[in-house]
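See structure below.
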Amino acid sequence: MNPPDLQKMLEQAQKMQSKMGQLQAELAGKRFEASAGGGMISAVATGALKIVEIRIEDAVFEQADRELVQDLVIAAVNSALASAQRHVQEQLQRFSLGGLGPLKPGGEGT
């Protein structure tokens, strides 16, 4: 391998690393919401797989026991995280297969 080939490979690696950073930032900014108990409890996760919000309707506390509320919160959180994780995996797979194309600010690849 001659030096120009090595230089070209390094440039390509740097471009891929930059695109991966853009993809990770884009994914971290996405939100995925799921609910349980007929929408009485909702959880919101980010593409960084962090829970950023949990909403519980007042009626839940009036009608349900502690154990049921805990189970519903767990269900909503797990569902939101699973949705976020599926989306992240799909995007990373697209990236690794080279089908991502150039990234647009705040949008997906073309």
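In the range 14-30, which residues have a backbone nitrogen under 18 Å from the label point lying 7 Å from Arg94's Cα in the Cα-to-Cβ direction? Under cut-off, by backbone N: 16-30.
Test of the criteria: in the range 20-100, which chymotrypsin sites (Phe, Trp or Tyr not before Pro) are in a DSSP loop and have at most 15 other Cβ atoms within 10 angstrom of their Cβ? For chymotrypsin sites (Phe, Trp or Tyr not before Pro) across the range 20-100 that sit outside H, G, I, E and B with at most 15 neighbouring Cβ atoms in 10 Å, the list is empty.
Only lysine pairs 8 or more places apart, or on different chains, with alpha-carbon atoms under 16 angstrom apart are counted in the chain, and they number 4. Stretched out straight at 0.36 nm per residue, the stretch from Ser83 to Ser18 would grow longer than its current Cα-Cα span by 20.8 nm.
Calculated FRET efficiency, Arg31 to Gln70, Cβ-Cβ distance, R0 = 35 Å: about 0.90 to the nearest 0.05.
With q set to 0.18, 0.19, 0.28 Å⁻¹, the log10 of I(q)/I(0) for the range 1-47, from the Debye formula over equal scatterers at the Cα positions, is -0.67, -0.70, -0.91. Hull volume per residue, based on the alpha-carbon atoms of the chain and their convex hull, is 109 Å³.
The numbers here are math on the coordinates, done by the rules we state, and not lab data. For clarity, every value in this text was computed on a predicted model and none was experimentally measured. Please note: Cβ atoms are built from the backbone with ideal geometry, for glycine as well, and neighbour counts cover all protein chains shown.
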